[in-house]
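Below you'll find the structure, written out as structure tokens, and then a few comments.
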Amino acid sequence: MRWDWNAVGDFMPRFWDGLLVTLQALVLGALLAFALGLVWALALRSPYRAVRWPVAAATEFVRNTPLLVQLFFLYYVLPEWGLTLSAMATGVIGLGLHYSTYTAEVYRAGIDGVPAGQWEAATALSLPRVLTWRSVILPQAVRRVVPALGNYVIAMLKDTPMIFVIGVMDMLGQARQFAAETFLTVEAFTVVGIAFIALSFPASLLLRALERRLVR
């Protein structure tokens, strides 16, 4: 095996394109996961079983099926029902929907961790329910779970290569295409592997520091 620096140079323009696509999918998927996760968490605390039970069943189903199968379903099955999405939109929705079932549990833990006295104080002040959630409960709950949410963002980053299977040209897709055209696999896939380490390892260190700061 011989390392070819010229191959690395040839691959880099494609790598930067793939990196941009990867980061776009990650950011949009994470935002969707955060938003939907909060919706699921609140729905799971609903006093109405007609709301709580279907959401619980749906989140369990999504959480216990592989992300890859969900991506295939969204991209290949939904068009049979008249709903066609682009590969990028499918990847973002798939990542966001899948990880929203995990962030929902994180939010639930954060809400459960809010001291009972906070609920009692809001009741004593006759705060409307919506205002109680918006101004008292959710700010405290979200602050508690920021590190856990960050961990799922890192996990999502490591799952973004799956969107390559539906045609999204992320870093892995660009590496696979470059290798197929040049037969230079070592350089392309090594660069992609180093890129994932360069993104995830500093992020994990930052999350640890943030967690220590929030615990104080």
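The values are calculated or read from the model by the stated rules, or taken from the named source; none is laboratory data. Being a predicted model, the structure only gives us computed values, none of them experimental. Here the Cβ is made from the backbone with ideal geometry for all residues, glycine too, and neighbour counts use every protein chain on show. Keep in mind that these areas ignore ligands, DNA and RNA; they rest on the heavy atoms of the full protein, side chains included. Shrake-Rupley method; radii C 1.70, N 1.55, O 1.52, S 1.80 Å.
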Ellipsoid semi-axes in whole angstrom, largest first, where each is sqrt(5λ) of the Cα gyration tensor of the range 1-144: 40, 21, 12
With each pseudo-label sitting 7 Å past Cα toward Cβ, what's the Thr123-Trp5 distance in nm, one decimal? 7.1
Roll a 1.4 angstrom probe over the protein heavy atoms and tell me the percent of accessible area of the range 23-171 that is carbon or sulfur. 68
Apply the a/c threshold of 1.5 to the C-alpha gyration tensor of the range 80-216 and tell me whether it is rounded, prolate or oblate. oblate
Within the set of other residues whose C-beta is less than 13 Å from the C-beta of Thr185, count the net charge using Lys and Arg as +1 and Asp and Glu as -1. -1
Using θ = phi - 60° and the Karplus form 6.51 cos²θ - 1.76 cosθ + 1.60, what ³J(HN,Hα) does each residue of the range 156-169 get, whole Hz, x for Gly and Pro? 5, 4, 6, 9, 4, x, 5, 5, 4, 5, 9, x, 7, 8
